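Data block below; observations after.
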Amino acid sequence: MVGIVDPAADALWDAVSTEVTKEGVEEKQPHTDEEWLAARGHAVALANAGRLLAAGSRPVTHGGKQVEDAHVEGVLRASEVERSISEGGNGFRLRAVELQEAAGRALAAIDRRNPAQLLAAGAAIDQACERCHQAYWYPNAKEPAAKWPAPLTAASLP
């Protein structure tokens, strides 16, 4: 995750964005051949990482290290993640294939040089990552409390 998945996913998410500031709206997307080629490299790396994860028999961490955020309530230890993966049947492999397919969508969008499709593929990558993390990394994490007031309803109006 740390060496391939995180950097590749972050680079794809950062490749296309919209930022609204006081000065206006700034659209970010690849423009040059080099920028598109760099994005393509990240999509290929992410798809290949999905293949490696789907193949199985990969340690969760190396050298006895703990998973990131192991100190946070609800986050499993590396040994617990490995046990969950091994006892979970085909679930982890399916999550890895989902990541691989989402990365394939990013690759197709890049090959078409279509920023809107790349943005949608980025959302699919995020969903694939989050589904796997919720199942295997932090399945017991508490949902954060809502930061916004409850939505208005007809009954709540004066």
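The values are calculated or read from the model by the stated rules, or taken from the named source; none is laboratory data. Not measured: the values here are computed from a predicted model. Every residue, glycine as well, gets a Cβ built from its backbone with ideal geometry; the counts of neighbours run over all protein chains shown. To get the accessible areas, we keep the full protein, side chains included, count just its heavy atoms, and leave off ligands, DNA and RNA. Shrake-Rupley method; radii C 1.70, N 1.55, O 1.52, S 1.80 Å.
By accessible area of protein heavy atoms, probe 1.4 Å, what ranking do 28, 142, 22 get, highest first?
22, 142, 28
Can you give the longest run of the chain that contains no GluC sites (Glu not before Pro) sitting in a DSSP loop with at most 14 other Cβ atoms inside 10 Å?
With GluC sites (Glu not before Pro) excluded where exposed in loops, the chain gives 74-158 as its longest stretch.
How much area per residue is accessible in region 2-118 when the probe is 1.4 Å and only protein heavy atoms are counted (Å²)?
Dividing the accessible area of region 2-118 by its residue count gives 63 Å².
Sum -39500 (n - 2.57) across every DSSP H segment of at least 4 residues in the chain, then divide by the residue count to get the 222 nm mean residue ellipticity, nearest 500.
-18500 deg cm²/dmol
Could you give the semi-axes, largest first, of the ellipsoid that matches region 1-44, computed as the square roots of 5 times the alpha carbon gyration tensor eigenvalues and rounded to whole Å?
So the equivalent ellipsoid measures 23, 14, 5 Å along its semi-axes.
Can you give the accessible area of residue 51 in Å² (nearest 10), computed on protein heavy atoms with a 1.4 Å probe?
Spelled out: residue 51, probe radius 1.4 Å, area about 120 Å².
Go through region 96-101 residue by residue and turn each phi into a ³J(HN,Hα) via Karplus (6.51, -1.76, 1.60, θ = phi - 60°); whole Hz please, and just put x for glycine and proline.
The phi angles translate into 5, 5, 4, 5, 4, 5 Hz.
Using the Cα centre of the chain as origin and beta-carbon charges of +1 (Lys, Arg) and -1 (Asp, Glu), tell me which of 47, 108, 135 is placed farthest towards the positive end of the dipole.
135
How large is ³J(HN,Hα) for each residue in region 4-18, as worked out from phi by the Karplus curve 6.51 cos²θ - 1.76 cosθ + 1.60 (θ = phi - 60°), to whole Hz, x for Gly and Pro?
10, 4, 4, x, 5, 5, 4, 5, 5, 5, 7, 5, 10, 7, 10
Considering the alpha-carbon set of region 86-130 alone, what are its Rg and its Dmax in angstrom?
Gyration radius and largest Cα-Cα distance of region 86-130: 12.2, 41 Å.
Relative to the compact-globule scaling 2.2 N^0.38 Å, provide the ratio for the alpha-carbon radius of gyration of the chain.
Compactness ratio reported: 1.25.
Using a 1.4 angstrom probe with every protein chain in place, what is the largest-first accessible-area order of 79, 57?
Most to least solvent-accessible, the answer reads 57, 79.
At R0 = 41 Å, how high is the FRET efficiency between residue 22 and residue 93 if r is their beta carbon distance? Nearest 0.05 is fine.
E between residue 22 and residue 93, to the nearest 0.05, is 0.30.
If you average 1/r over all unlike Cα pairs in region 14-99 and invert the result, what Kirkwood radius do you get in angstrom?
Radius from the Kirkwood sum: 16.2 Å.
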